Amino acid sequence: MFAVAVNIRPNVGVVPLVLWLGRLGLSFRAAVALGIASVGLFGSLLAVVHGLYPAYTFESFLVGLRDYGKLYAGGELGYPTGTSIYGTLRALFGYHKWHFAPPLFIAGLLAAVAIIESRQGRLRASECVFLTLCAYALGTQIFANYHLLVFIIPLVLLAREGGIFDRSDWAVFLGSAFMLIPKNYLFAANGETLWSWQVVANPLILLIASAIVIATAFRRSSPREGSRGISPQAAG
C-alpha cells in the first residue's frame, strides 16, 4: 500500500532522508540500498512495459513527464482536488510564479524540525513520521487523494506506542484520520475551474496539526519511555 501511495515519486525521498538524518532506524547503508533498489525498480519496470508496449521508451517517458508538468503542475489539472500548499494558493489567488516558493519553504521547515527534534530525542516515532509526511504532502505541487494513504503509517505507529494520548498524539491521530476521510464533495468556482474545498481544508488541517506537534515537542524534555525511534518491526 505504501508503494502504491507514493507512486514512485522522487520527492518521497524526503521520508528516508529524515529517518536517516534523524537517526530513526535507517542507517546510511540502508538508505543507499533503498535508493539503488528504487532506481533498479524503475529500470526493470520500464523494461517490462517496453516489452509489452514497444512504443513506450525512456524518451516517451520523458515526454509524458514534460506533458504532466504542463497540464498539472503548470496547468489547471490536478490541483483543484489535491492536497498541497501550491494547490491552496492556486485555488485562492490564481496562478502566480511566487506560488512555487512557499511549499518548498514549509516542507523544508517541517523536515528540518523533524530531523533536529528527533536527534535531540524529543519526537516520538509517530510524530516524526507525521511531520515528514506533512512535508511530503504540502511540498508536492500535485498531491492526489490516493497519495494520502501514507497517513495510515502514523496511525499504526501511534497504536504501537500505546499509552495515554497527549495533545500531540491527538494532533497526529486526528490529522492523519482526516486525511483518510473522503472530502471531495463540495466545489467552488475559480473562473472556469472548479476546485474542491479540501484543497484548502486539508493543508490547513496538516499545518495546524504540525504546529501542535512541534509546540508540544519544544516543551518536552524527553520522549515517552519506550517510544524512541522506529523499531525494525514498525519500520517493516
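Observations on the structure shown:
- Straightening the chain between Tyr146 and Ala112 buys 9.7 nm, computed as 0.36 nm per residue apart minus the Cα-Cα spacing.
- Close amide H contacts of Lys183 (hydrogens built in the peptide plane, cut-off under 5 Å, sequence separation of 5 or more or a different chain): none are found.
- Taking Ile36, Ile212 and counting other C-beta atoms within 10 Å, the order from fewest to most: Ile36, Ile212
- Using the Karplus relation 6.51 cos²θ - 1.76 cosθ + 1.60 with θ = phi - 60°, the per-residue 3J(HN,Hα) values for region 51-67 come to x, 7, 9, x, 5, 8, 10, 5, 5, 5, 4, 5, 4, x, 5, 5, 5 Hz, with x marking Gly and Pro.
- Here the label points at Phe105 and Ile36, each 7 Å from Cα along the C-beta direction, are separated by 4.0 nm in the simple model.
- Prolate/oblate/rounded call for region 109-155, Cα gyration tensor, a/c under 1.5 rounded: oblate
- Global geometry of region 56-178, whether rounded, prolate or oblate, following the gyration tensor of its Cα atoms and the 1.5 cut on a/c: prolate
- Listed from fewest to most Cβ neighbours within 10 Å, the set Lys97, Lys183 follows the order Lys97, Lys183.
- Net charge dipole size for region 50-152 [Lys, Arg +1 and Asp, Glu -1 on Cβ; Debye, nearest 20]: 220 debye
The numbers here are math on the coordinates, done by the rules we state, and not lab data. Bear in mind that the values here come from a model prediction, so they are computed numbers and not experimental data. Reconstructed Cβ throughout: ideal geometry from the backbone, glycine too, with neighbour counts over all protein chains shown.
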